[in-house]
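Input: a single structure, listed below in structure tokens.
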Amino acid sequence: MTKPHVIVYSRPGCHLCDEARAAIMSAGCSDRFTFEEINIESDPELLRKYKYDIPVVMIDGAEAFRHRVDGRQFRERIFAG
């Protein structure tokens, strides 16, 4: 079975991004998904799209969270997938 792929769109110095990353990593299921973090400043289109809305957490291409991540809800989504 393929593991869900989690992408976090973030940017340096973003405290909400730091909190989201911490919630994801402390959810107790890091062995159940692959993780990628993308700096929105690396791509003009991503910067335009997410400039005021980071972090955005995608699970298998679908938006799962925006601004805040609840670790319990994240875990539920990973196990449901």
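A few points about this structure:
- Helix-only [θ]222 nm of the chain, DSSP H runs n ≥ 4, -39500 (n - 2.57) each, per residue, nearest 500: -10000 deg cm²/dmol
- Relative contact order [Cα under 8 Å, 6+ residues apart], the chain, whole percent: 42
- Accessible-area order (highest first, 1.4 angstrom probe) of the listed residues 30, 10: 30, 10
- The chain: angle of helix 15-25 to the longest principal axis, Cα-based, in degrees nearest 10: 20
- Degrees between helix 71-80 axis and first principal axis of the chain (Cα, 0 to 90, nearest 10): 60
- Note on the chain: Rg/Rh from C-alpha atoms, Kirkwood Rh, equals 0.96.
- Beta bridges by DSSP in the chain, antiparallel share as percent, to the nearest 5: 55
- Taking chymotrypsin sites (Phe, Trp or Tyr not before Pro) across region 1-79, the ones in a DSSP loop with at most 15 further Cβ atoms lying within 10 angstrom of their Cβ are 52.
- Within a Gaussian network of the chain (alpha carbon springs, distance under 10 Å), most fluctuating of 54, 38, 24: 38
- Additional length obtainable on full extension of the chain from residue 2 to residue 66, 0.36 nm per residue less Cα span: 20.6 nm
- Radius 13 Å from Cβ of residue 4, net charge of other residues (Lys, Arg +1; Asp, Glu -1): 0
- Isolated Cys in the chain, by beta carbon distance under 4.7 Å: 29
- Taking 7 Å steps out from each Cα toward its Cβ at residue 16 and residue 51 produces label points 1.5 nm apart.
The values are calculated or read from the model by the stated rules, or taken from the named source; none is laboratory data. It should be emphasised that the depicted structure is a prediction, and the values quoted were computed from it without experimental measurement. Every residue, glycine among them, receives a Cβ derived from its backbone with ideal geometry; neighbour counts consider all protein chains shown. Remember, those area values only see protein heavy atoms, side chains included, never the ligands or the DNA or RNA. Shrake-Rupley method; radii C 1.70, N 1.55, O 1.52, S 1.80 Å.
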